[in-house]
1. Just to verify a result, which residue in segment A:27-40, among those that are over 22 Å from A:Lys100 (Cα atoms) and not hydroxyl-bearing (Ser, Thr, Tyr), is nearest to the other protein chains (Cβ to nearest Cβ)?
2. So which of A:Arg35, A:Arg113, A:Arg54 ends up being of a type outside the set (Phe, Trp, Tyr) and out of contact with any Ser or Thr (no Cβ under 8 Å at 6 or more places or on another chain)?
3. Which pairs do you get when a residue that is in contact (Cβ under 8 Å) with a residue 12 or more places away in the chain and loosely packed, with under 14 Cβ neighbours inside 10 Å, found in segment B:80-95, comes within reach of a residue that is hydrophobic (A, V, I, L, M, F, W, C) and in a helix (DSSP H, G or I), reach meaning Cβ atoms under 8 angstrom, with the pair 6+ apart or on two chains?
4. Which one of these does A:Phe24 not meet: (1) closer than 30 Å to A:Glu116 by Cβ; (2) within 14 Å of chain B (Cβ to nearest Cβ); (3) of a type outside the set (Gly, Ala, Ser)?
5. Of all the residues that make up segment B:4-38, how many are surrounded by fewer than 18 Cβ atoms within 10 Å (Cβ to Cβ) and in contact with a Phe, Trp or Tyr (Cβ under 6 Å, 6 or more places away or on another chain)?
6. Which numbered condition in (1) of a type in the set (A, V, I, L, M); (2) crowded, with 17+ Cβ neighbours inside 10 Å; (3) free of Cβ contacts under 8 Å to residues at least 40 places away in the same chain is the only one that B:Ala129 fails?
7. If you scan segment B:178-193, which residues turn out to be in contact with a helix residue (DSSP H, G or I) (Cβ under 9 Å, 6 or more places away or on another chain) and at positive phi?
8. When you go through A:Lys13, A:Lys67, A:Lys18 one by one, which is the residue that is away from chain B (no Cβ under 14 Å) and either charged (D, E, K, R) or touching a helix residue (DSSP H, G or I) at 6+ places or on another chain (Cβ under 8 Å) (or both)?
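We did not get these values from a lab; they are worked out from the coordinates using the rules stated. The shown structure was predicted, so the numbers you read here are calculated from the model rather than taken from an experiment. Using ideal geometry, Cβ is built from the backbone for each residue, glycine included, and neighbour counts are taken over all protein chains shown.
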Amino acid sequence: MDTIAKFEAKQLKAMASKKQIPVFSAGDTLKVNVRITEGDRTRVQAYEGICISRTGNGINESFTVRKISYGEGVERVFPLHSPVIESIDLVRRGSVRRAKLYYMRKRSGKSARIAERTTGHGMEDGREVAESAGE
Amino acid sequence: MRTGLIARKEGMSRYFTPEGQHIPVTILKVEKLQVTAVRTMEKDGYVAVQLGAGTPKIKNVNKAQRESFAKAKVAPKSKLMEFRVDPKNVLEVGAELSVEHFIPGQFVDVQGASLGKGFAGGMKRWNFAGHRASHGNSITHRSLGSTGNRQDPGRVFKNKKMPGHLGVETVTTQNLKIVAVDAEDGLILVQGSVPGFKGAWIAITDAMKKPLPKEVPMPAGLKKAAADKQEQKAEAAPAVAEEGKAE
């Protein structure tokens, strides 16, 4: 293993013990609990929306969450392993055929819906089955 | 003035701070770094330590070098560099240096050879503007333009900026912050980029233009001293320095 990979693996290992990242992919609805520091006190704010993309790998992995806030589309890119993220809750699994849902940017209302996924990877008869977390 | 370190540039990555910031870092690796010779005022007219790093193939070490390594009683090294030091910071031949020579938060200057660009034109080498892309322009798009006047002076002045070899010159990047050091793997994490290609030899010294923090180990961060420090955690910094000297 080269030095960079070793260094990143070491950093991941140190962070992995702190929080659990659920197995999720594009189309899933997520609730991201973000730590916000105002002055000298910190609080946790939830950001809920549809994951439209996951990109990168290892410590450089990030994901994009899109939501409609007061009628305006908002997208936020989070580094997956950022210490700012307190936790990620998987609210709902979505059934989509693409890895990147950038077409959602042009959709609104009825056409911007994503059907719930009840089969496929990580699921059996509509129930979640334990899947070994990727990283 | 303390000695610097020889390191290998391993590449860039990111480092997450507990506060949630991520810092772009260059990873520099220090391995088997030993003092191979000492220059003294009496003998050489200046005071410096010669450090050696890396393990070469033995067939690539010539006889003269082999002799000098044998004299110093160190394994042959593939890269040698000299660092000027104050007389009180001279190290013993054979002493092995550790990455704990530098402390997080400290500023350093990093010296290396820049990436080689080969034979480059005026636009890349000197930021010349070039010529127009269209409006009747023929063939000359990236050429120099005029290089001088007419019969007077009748020649091109010396040092006229012209195409030629670009890169592979010594570049020093000043005031880079040390983000963290990893004594276990011998890594130094420096914020930002560093001249040179991956695998290049790099010299790291204390920043010339920033004050040196008081906590840095004096005369240098040595492997033995670091081990002693772990044994006696309450030991203060000057005491560690003395131990290093006593070796």
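1. It comes out as A:Arg35.
2. A:Arg113
3. Note: pairs meeting the criteria are B:Pro87/B:Met41; B:Gly94/B:Ala72.
4. (2) is the only condition that A:Phe24 fails.
5. 2
6. (2)
7. Correct list: B:Gly186 only.
8. The conditions single out A:Lys67.
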